[in-house]
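Take a look at the structure below.
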Amino acid sequence: MSPIRSATIAALASAVVATTLTGCQFGGAEQDTSPIVIAADLELSGAAAPVGRTYQRALELKRDQLNSSGALNGRKIELKVKDNRSDAAESLRNIADFSSDSRVSAIIMGGCNECAVGAVGTINEKQIPTIALAASGAIASPVAERRYVFKLGPNAPDSAAALTTELRRNNVRKVGMLVSDDDYGREGTAALRSELNKVNIALREQRVKTTDTDVSQQIQQLALGKPDAMVFWTPAEQATLAATTVQQTIFRGSLFFDAGAAGDLFLGAAAKATERATLIFTQTMVIDDVIATTPAKAARRQWFQDYTARFGGYNGSSSFAADAIQLIADAELRADGPVGKVNRNGIRDVLETSQMDGLSGPIRMTPDNHSGLMPQALTTLVARNGRWRLAG
């Protein structure tokens with residue numbers, strides 16, 4: 001080897017060493033390129049499978065968007081999904097498995113109220129941050145006993161207040177309520193009754209199990225009471241079934257859907273039965289009716305378009321799952337900790353003070369409130385020509 005070539009190689013080697021030492025000596029931080037692993041316990045089979053599959057689609061779409069956006073500082077989201085078969089015992093086993101995996105940053109739970117409420121003790125014991133998409137307020141309250149549990153979705157008191165405003169505006173004096181016989185249904189009955197009592201509107205209720213596929217007896221009983229309006233406070237499939245069943249009775253009044261009864265944008269076979277029905281839900285469901293005057297509205301419109309383009313339709317609940325994965329990713333990036341190590345306590349602390357204008361609407365978590373969707377996120381929608389539209 002020539003002396004000139006040898007000297008050149010030596011100089012390059014010295015430069016590399018010098019550069020490396022300079023990076024170490026002057027604080028060149030090691031970049032964390034480890035994956036952000038988010039676990040999801042979803043109802044992919046069993047009675048609640050339709051909403052569980054909606055959440056899975058939304059999580060996968062949002063994961064792909066974030067991974068291709070460059071916003072994760074060189075990191076990528078990995079989803080670890082398990083089917084709880086719409087069964088609380090199976091869900092609890094999934095939570096235990098996720099908790100024991102040190103790579104998992106946080107868990108997203110689906111729409112099963114019983115599953116989420118039943119897992120609270122294990123989640124707190126294992127100290128793993130969890131965002132539930134189910135509706136029951138008991139999931140996230142009282143906060144002192146649910147430090148690691150958060151909820152993202154409509155809250156019963158907010159939905160009841162919005163429904164009451166619409167009922168009063170429509171001069172309704174007597175309401176028949178079909179309500180699911182679960183935690184969210186019981187919360188809904190108490191909340192709606194409290195609001196209606198303030199404005200002297202009478203309430204009569206009939207309960208259904210969330211697994212019931214025939215609600216004709218309950219609807220018939222409500223119709224016999226000759227209400228001015230019926231309120232459906234049930235899962236989406238039961239609400240559309242109830243609307244169709246109403247056509248077989250003497251009832252000809254107005255139909256109102258609680259936020260928990262929201263499902264697909266297009267009403268399909270239930271289009272005729274639900275025509276002119278009112279739904280309390282988030283604006284994202286009908287964002288194609290809204291002029292995108294803010295960055296948040298533009299983001300919601302883009303989400304709506306991306307979801308529709310990939311899946312051929314839109315489901316209102318999808319935005320909650322997308323916001324949950326965004327909240328966890330943001331918390332992971334902001335939580336202090338060793339490079340390549342998951343800091344679950346740090347993620348929990350960040351989640352507890354998270355604020356964002358999400359795809360679902362304004363979201364604010366606080367140490368006193370782990371249910372982040374703000375009342376302002378809810379608006380009034382009306383069924384017209386086979387789909388939900390913005391009222392007015």
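Taking only C-alpha pairs under 8 Å that are 6+ residues apart, what is the relative contact order of the range 194-241 in percent? That works out to 34 percent.
Cα-Cα pairs above 16 Å in the range 259-336: how many percent? If you can, show how the numbers build up before the last one.
Values: 1772 of 3003 pairs.
So the portion of pairs separated by more than 16 Å is 59 percent.
Taking all protein chains as shown and a probe of 1.4 angstrom, Val339 keeps an accessible surface of around 70 Å². Rounded to the nearest Hz, the phi-derived 3J(HN,Hα) couplings of the range 332-338 under the Karplus curve 6.51 cos²θ - 1.76 cosθ + 1.60 (θ = phi - 60°) are 4, 6, 8, 6, 6, x, x, where x marks glycine and proline. Report the Cα centroid-to-centroid distance between the range 102-138 and the range 45-85 in angstrom, as an integer. Measuring centre to centre over Cα atoms gives 16 Å.
Please work out how much length the chain gains when fully extended from Val339 to Arg169, using 0.36 nm per residue of separation minus the C-alpha to C-alpha distance, in nm with one decimal.
Details: separation 170, 0.36 × 170 = 61.20 nm, distance 5.63 nm.
Stretched out fully, the Val339 to Arg169 stretch lengthens by 55.6 nm.
With a cut-off of at most 10 other beta carbons within 10 Å, and DSSP calling the residue loop, which GluC sites (Glu not before Pro) in the range 21-117 qualify? Please list them. Passing both the DSSP loop test and the Cβ count: Glu30. The packing ranking of peptides 46-56, 244-254, 348-358, 290-300, highest mean first, is 46-56, 348-358, 244-254, 290-300, where packing means the average number of other beta carbon atoms within 10 angstrom of each residue.
Over the range 303-362, with a single point scatterer placed on each C-alpha, what log10 of the ratio I(q)/I(0) does the Debye formula yield at q = 0.18, 0.26 1/Å? Debye intensities relative to I(0), on a log10 scale: -0.69, -1.00. For the pair Ala190 and Ala144, label points projected 7 Å from Cα toward Cβ lie 1.8 nm apart.
The range 191-285 gives an Rg/Rh value of 0.94, both radii derived from C-alpha positions and Rh following Kirkwood.
Bridgeable lysines around Lys198 (alpha carbons under 18 Å apart, same-chain partners fewer than 8 residues away excluded): Lys174.
At q = 0.09, 0.10, 0.12, 0.19 Å⁻¹ the log10 of I(q)/I(0) for the range 226-355 amounts to -0.40, -0.48, -0.63, -1.05, computed by Debye summation with a single uniform scatterer per C-alpha, solvent ignored.
Cβ under 12 Å from Phe320's Cβ, Phe320 left aside: what net charge do those residues give with Lys, Arg +1 and Asp, Glu -1? Net local charge, Phe320 excluded: +1.
Please give the net charge around Gln220, taking every other residue with its beta carbon less than 15 angstrom from that of Gln220, where Lys and Arg add +1 and Asp and Glu add -1. Don't skip to the end; give the middle numbers.
Working: positive: Arg204, Arg207, Lys226, Arg252; negative: Glu205, Asp212, Asp214.
Result for the local shell: +1.
Please sort 170-181, 203-214 by packing, taking for each peptide the average over its residues of neighbouring beta carbons within 10 angstrom, highest first. Could the numbers behind the result be given before it?
Details: 170-181: 20.2, 203-214: 16.2.
Output ranking for 170-181, 203-214: 170-181, 203-214.
How big is the gap, in Å, between the Cα center of the range 292-314 and the Cα center of the range 244-282? The distance from the Cα centre of the range 292-314 to that of the range 244-282 comes to 24 Å. Quick check: from the Cα gyration tensor, does the chain come out rounded (a/c under 1.5), prolate or oblate? It is prolate, given that a/c is not under 1.5 and a/b is the larger ratio.
Given the convex hull of the Cα atoms of the range 141-237, what is a quarter of its surface area in nm²? Numbers along the way, then the final one.
Numbers: hull surface 28.3 nm².
The orientation-averaged projected area of the Cα hull of the range 141-237 comes to 7.1 nm².
In percent, rounded to a whole number, the relative contact order of the range 53-113 is 22, using alpha-carbon pairs under 8 Å and six or more apart.
The values are calculated or read from the model by the stated rules, or taken from the named source; none is laboratory data. Source: prediction; values computed, not measured. Cβ atoms come from the backbone with ideal geometry, glycine included; neighbour counts cover every protein chain shown. In case anyone asks, the SASA skips ligands and DNA or RNA and just uses the protein heavy atoms, side chains included. Shrake-Rupley method; radii C 1.70, N 1.55, O 1.52, S 1.80 Å.
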